[in-house]
Amino acid sequence: MRTRRLAREEEATLVEHLDELRGRVMLTVATVAVATAVAFVFHGTILDLLARPLPPAHRHVTALGVAEPFSVSLTVSLWAGLLFALPVILWQVWSFLAPALDSAAERRILALAAFGLVLGAAGLAFGYDVLLPRAVHWLVGYDTTHFRLLLRASSYYSFVASVLVGVVCVFELPLVVLALVRLGVLTSAGLRRNRRKGYFFVAVAALALPGPDPITTVLELLPMWALFEGSIWLAVLAERRAAKMSLAGAAA
């Protein structure tokens, strides 16, 4: 089972590549399994953290089935295990693909990956600290005259997971725009010329994201508009940098 990263100039047979791929997949699965097991040991702490955005009176969610406490704990632990194992997963994917790239492309992809991780961490923090507390407080407090609210554990934690994943995806918008500009699919001039259409499509995307209430939708929409506007200026900087590098290469 081969997991050693190949050198850029090193040649390998198809069988060796498949053996390396199998080794990396097995290592990834083992890492996720171990991370999930560790998360399950501390699942009580994780459940408390995820329930913290709720008002204090509703932080003990309801289980409606015999197996629901265990199944919810296992599902939450699996999500946490995937999150904790993400650096290893990304490293295994990168180590398998990197030998096929030249040094310049390798540096660009590493920079984009680091940028994407920063954006994802910012999205996770925004979703947990800003969006979720306001959304769940509004939902829990909606029309208490006619409804007696019992929060089902599986529904609540699914809602939390979908909202956090959605916010992380939203915060990756600048990375997607930069990649499309780099590939020549988009240009900064085209983005600026069609700014109104872009804002409209961003609003449609915000409505399609998880979160049935207006608070969640607005709190997703505002950073999406800001990120879209920032993406336009990042595209301008990326094009200027690419033009300078092209001129420097031509001069050399």
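Can you give the longest stretch of the chain with no exposed loop site, where a site means GluC sites (Glu not before Pro) in a DSSP loop (not H, G, I, E or B) with at most 11 other C-beta atoms within 10 Å?
For GluC sites (Glu not before Pro) (loop position, at most 11 other Cβ atoms within 10 Å), the longest site-free span of the chain is 12-252.
Are there chymotrypsin sites (Phe, Trp or Tyr not before Pro) in the stretch 130-202 that DSSP puts in a loop and that have at most 13 other Cβ atoms within 10 Å, and which ones?
Answer by residue number: 142, 147.
Could you state the angle between the C-alpha long axis of helix 214-251 and the longest principal axis of the C-alpha atoms of the chain, as a value from 0 to 90 degrees rounded to the nearest 10?
Helix 214-251 and the main axis of the chain meet at about 10 degrees.
Step through the residues of the stretch 122-137 one at a time and calculate ³J(HN,Hα) from phi using the Karplus curve (6.51 cos²θ - 1.76 cosθ + 1.60, θ = phi - 60°), rounding each to whole Hz and writing x for Gly and Pro.
5, x, 5, 5, 5, x, 6, 8, 10, 6, 4, x, 5, 5, 6, 5
Express the Stokes-Einstein translational diffusion coefficient of the stretch 49-91 in µm² s⁻¹, to the nearest whole number, given a Kirkwood radius over alpha-carbon pairs, 20 °C and a viscosity of 1.002 mPa s.
Estimated via Stokes-Einstein, D reaches 173 µm²/s.
Based on the alpha carbons, how large is the Rg to Rh ratio for the stretch 138-206 when Rh follows Kirkwood?
So for the stretch 138-206, dividing Rg by the Kirkwood Rh gives 1.22.
Given the options 153, 111, 235, state which has the largest fluctuation in a GNM of the chain using a 10 Å cut-off (strictly under) for Cα springs.
111
Once the cut-off is 29 Å, how many percent of the Cα-Cα pairs in the chain end up in the long-distance tail?
48
Just tell me the longest site-free run in the chain, where the sites are trypsin sites (Lys or Arg not before Pro) in a DSSP loop having at most 16 other beta-carbon atoms within 10 Å.
The longest such stretch corresponds to 149-252.
Determine the principal axes of the Cα atoms in the stretch 16-76, then give the extent along each, sorted from largest to smallest and rounded to whole angstroms.
58, 25, 16
Set the Förster distance to 41 Å, then compute FRET efficiency between residue 117 and residue 64 from the Cβ-Cβ distance, nearest 0.05.
0.60
Apply the Karplus parameterisation 6.51 cos²θ - 1.76 cosθ + 1.60, with θ equal to phi minus 60°, to every residue of the stretch 70-82 and state each ³J(HN,Hα) to the nearest whole Hz, in sequence, with x for glycine and proline.
Those phi angles translate into 5, 5, 5, 4, 5, 5, 5, 5, 5, 4, 5, x, 4 Hz.
Grab the DSSP H runs of the chain that are 4 residues or longer, score each as -39,500 (n - 2.57), total them, divide by all residues and round the 222 nm result to the nearest 500 deg cm²/dmol.
-25500 deg cm²/dmol
Taking amide H positions as placed in the peptide plane 1.01 Å from N, state which residues far from residue 62 in sequence (5 or more) or on other chains have amide H under 5 Å from it.
151, 152, 153
Compute the distance from the alpha-carbon center of the stretch 57-75 to that of the stretch 81-104, in whole Å.
Spelled out, the Cα-based centre of one part sits 35 Å from the other.
We did not get these values from a lab; they are worked out from the coordinates using the rules stated. What you see is a predicted model, and the numbers here were worked out from it, not measured in a lab. Cβ atoms come from the backbone with ideal geometry, glycine included; neighbour counts cover every protein chain shown.
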